[in-house]
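The values are calculated or read from the model by the stated rules, or taken from the named source; none is laboratory data. These numbers were taken from a predicted model, which means no experiment stands behind them. Don't worry about glycine lacking a Cβ; one is built from the backbone with ideal geometry, like all the others, and counts go over all protein chains shown. The area values use the complete protein model at the heavy-atom level, side chains included, leaving out ligands, DNA and RNA. Shrake-Rupley method; radii C 1.70, N 1.55, O 1.52, S 1.80 Å.
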Amino acid sequence: MTLTIGALRAEPGRKTRGSLPADLGTTTVEVPLILVNGSRPGPRVVITGGVHGGEFIPVDATTRLAGLLEPDDVAGQVVICPVANPPAVYGGRLNISPLDGVNINRVFPGDKDGGPTDRMAAWLFEHLIDGADAYIDLHSGGIDQHLLDFVGYRLTSDDELNAKNRGMAHAVGYERVIFGTSAADGNSHAAANRQGIPAILVETGQLGDRDPATVNRLLDALYRILHHLGVIEAPQHLAPVTVQPRDWIWTGEVESPAAGLWYPDAVTGDEVTEGQTIGRIIDPVDGAEHKVAAVSTGKIIYNMNGLTVRPGTHLAAIAAPHD
């Protein structure tokens, strides 16, 4: 079947590149898309990068995948969006959009009558994610974030959907596969799950990394997922997985209680216990100190590297193995 998104069309056995306008109310942005319509039937897979600003590895990896993936090698359809949130990618360097200060990965599936970021999320769901057979959202540690590579998925009330989520997550080939116990929030993969679409989140790299070796690590992960989904044969160059994926569970997130300067005492990769002091926030005016404690026991999967924080800033996320 012809793959059609807006004014872009790709006949079977063809690849189409272009962009589509997204009306965000206060402005209109161009969203780049690459449509790869395989020469054989198969699933429709949607891959997004650039949901957040300052996360460069997903943008690079999706752009490279779009150049490498040929229709004759594909069974099904692959929709690649390297920059899913142009205002944040081009106009900002943090998780929030400069248009309205909103983190798009908290408001999916969005609201077409809402503010700019809600409209951006709604546009992505309407044009890309609705009707997909699988969805892969790519992220990395931004310029202010230390992060261990991991894959995220959600548990739902649908056992078949859970099995598909977990299968995709384990196919990535990363050691840490961390699941959330609910699909009720505004993350992209959770919102996709609520529409019955298998979906995962893949986090690769940290601190605004753009090193080619990190990009290749994510590219290999994408090849493994596409092979798992039956879209491609396993590439000959693909190195075997050397780690055993292990299920972890999120146990808590630590948020800043105040504005000030953040001085961590425990960092990414450290084991912490509930109640342990993991850092301090210093008021730059009077030097007052706010101690910050771990909200749960486990390992810090990512933590804030930046110095300046405001109330609600995510300082650390903690997970523990789930055997």
statement: So, over other residues within a Cβ distance under 13 Å of Glu126, counting Lys, Arg +1 and Asp, Glu -1, the net charge is -3
- prompt: For P(r) over Cα pairs in 20 Å bins from 0, in percent, the listed values are [x] 32, 58, 10, 0; [y] 30, 51, 17, 2, 0; [z] 26, 47, 22, 5, 0; which was obtained by calculation from the structure presented?
  reply: [x]
- line: Accessible-area order for Asp265, Asp100, largest to smallest, probe 1.4 angstrom, reads Asp265, Asp100
message: Taking the solvent-accessible surface of protein heavy atoms with a 1.4 Å probe, what is the per residue accessible area of segment 3-244 in Å²?
response: 39 Å²
query: Comparing Val243, Val295, Val215, which has the greatest mean-square fluctuation in the GNM of the chain with Cα pairs linked when under 10 Å apart?
result: Val243
field: Cα-centred dipole magnitude for the chain, charges only on beta-carbon of K, R (+1) and D, E (-1), debye, nearest 20
entry: 640 debye
message: From the protein chains alone at 1.4 Å, what is the descending order of accessible area for Met120, Met1, largest first?
response: Met1, Met120
query: Angle, helix 159-171 long axis vs. longest principal axis of the chain, Cα atoms, 0 to 90°, nearest 10?
result: 80 degrees
query: What does the helix-only formula give at 222 nm for the chain: each DSSP H stretch with n ≥ 4 adding -39500 (n - 2.57), the total divided by the residues, and the result rounded to the nearest 500 deg cm²/dmol?
result: -6000 deg cm²/dmol
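Leaving ligands, DNA and RNA out of it, rank Ser19, Ser157 by accessible area with a 1.4 Å probe, largest first.
I get Ser157, Ser19, largest accessible area first.
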query: What's the FRET efficiency of His227 with Thr181 using the Cβ-Cβ distance as r and R₀ = 35 Å, to the nearest 0.05?
result: 0.75
field: Nearest-0.05 FRET efficiency for Asp73 and Leu307, computed from C-beta distance (R0 30 Å)
entry: 0.05
task: Distance between Cα centroids, segment 147-220 to segment 1-31: provide it in whole Å.
output: 25 Å
DSSP bridge pairs, the chain: antiparallel proportion in percent, nearest 5: 70 percent
- prompt: For the chain, what % of the accessible area comes from carbon and sulfur atoms, probe 1.4 Å?
  reply: 49 percent
message: Please report the spacing between the Cα centers of segment 232-290 and segment 66-118 in Å, no decimals.
response: 24 Å
query: Once the Cα atoms of helix 56-68 and of the chain are each reduced to a long axis, what angle between those two axes, in degrees from 0 to 90 to the nearest 10, is obtained?
result: 10 degrees
statement: Computed over segment 250-321, protein heavy atoms only, probe 1.4 angstrom, the accessible area per residue in square angstrom equals 47 Å²
message: I'd like the accessible area for Thr181, computed on protein heavy atoms only with a 1.4 Å probe and all protein chains in place. Round to 10 Å², please.
response: 100 Å²
message: With +1 on the Cβ of every Lys and Arg and -1 on the Cβ of every Asp and Glu, and nothing else charged, how large is the dipole of segment 250-321 about its Cα centre, in debye rounded to the nearest 20?
response: 100 debye
- line: On the formula 1/(1 + (r/R0)^6), with r taken between the Cβ atoms of Glu126 and Gln236 and R0 of 41 Å, the FRET efficiency rounded to 0.05 is 0.60
message: What does the extension gain come out to for Tyr90 and Arg246, with contour length at 0.36 nm per residue minus their alpha carbon separation?
response: 52.6 nm
